[in-house]
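Nothing in this text is a laboratory measurement; each read-out follows from the coordinates by a stated rule. Quick caveat: nothing in here was measured; it's all calculated off a predicted structure. Note that we place each Cβ from the backbone using ideal geometry, even for glycine, and neighbour counts take in every protein chain shown.
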Amino acid sequence: MKHPIFIALDFPDWNDAELFLKENEFAGVPVKVGMELFYREGPHVIEKLKENNHPVFLDLKLHDIPTTVMRAMANLASMEVDIVNVHAFGGREMIKRAKEGLMHPSTSHEVKLLAVTILTSMDEKTMNKELLLPGSLRTNAVHLASMASDSGADGVVCSVHEARSIKEACGPGFLTLTPGIRLDKTEQHDQKRVATPQFARENGSDMLVIGRSITKADYPHQSYVQAVKEWENGLKS
Ligand code: C5P
């Protein structure tokens, strides 16, 4: 993978996604397929992307009883995607079984398992008052990441603002993939906790997911190039 920057293909169908990739010359770039596109198109969209050599993160955020998640993961692994995820809130047993599903003997391809800690659209007040989860965002994200790490996950999806603390708690090899990335920080959309690619790299992110800052930009290719440049600057500092 040239750059660990995944473009979120949040499009209503494959026609729109394919047109976007072609028009903007995004041959072979890492992409993230989420619920919107996958629930419309199914495994067919993954086949198309793999035919065109795109590394694929299939972002379906599974959260169910352990056996169901294990069987679902075996099916996802057979599509030869590169990264899949579960909600860490599913707990230790669910994460262990998810990993087991991915390691099924019929799977030849290595699939990384990430656990979503706390969504980047959530702020501390909502977490405390609506979900009745006490403590800070950081304490909860680090706790969920440590539990996921002990249960066999390869890494987490987390906010940039928690990535460093998670690395310190779980070790440098534990992956952190961070959404909530903005090239222009004044544009938050529905994300509560945003950061630039450079800040992300300097603060412990291993991989980025970028959606609207690229897909809704006037010049998406230029925005992607800018994101890569900023990411590389983060390495130098
Ligand atoms: O457009 P934007 O860059 O905010 O898109 C972020 C993408 O990352 C969306 O597809 C969203 O579903 C996904 N995501 C997220 N927060 C998480 C996990 C995934 O924003 N914790």
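Points worth noting:
- Within the chain, helix-based [θ] at 222 nm, where runs of 4 or more DSSP H residues each add -39,500 (n - 2.57), nearest 500: -13000 deg cm²/dmol
- Share of Cα-Cα pairs in the chain lying beyond 31 Å, as whole percent: 19 percent
- Gaussian network model of the chain, Cα within-10 Å springs - most flexible of ARG92, ARG164, ARG40: ARG40
- Protection proxy ranking for 31-38, 114-121, 42-49, using the average of other Cβ atoms within 10 Å per residue and placing the highest first: 114-121, 31-38, 42-49.
- Normalised size of segment 28-137, defined as Cα radius of gyration per 2.2 N^0.38 Å with N residues, equals 1.17.
- Qualifying aspartates and glutamates (Cα of each under 17 Å from Cα of LYS216; at least 8 residues distant if same chain): ASP10, ASP13, ASP16, GLU18, GLU23, GLU25, GLU36, ASP184, GLU187, ASP190
- For the chain, relative contact order (Cα pairs under 8 Å, six or more residues apart, normalised by length) works out to 17 percent.
- Largest GNM mean-square fluctuation among GLU18, GLU93, GLU51, using the chain with Cα springs under 10 Å: GLU51.
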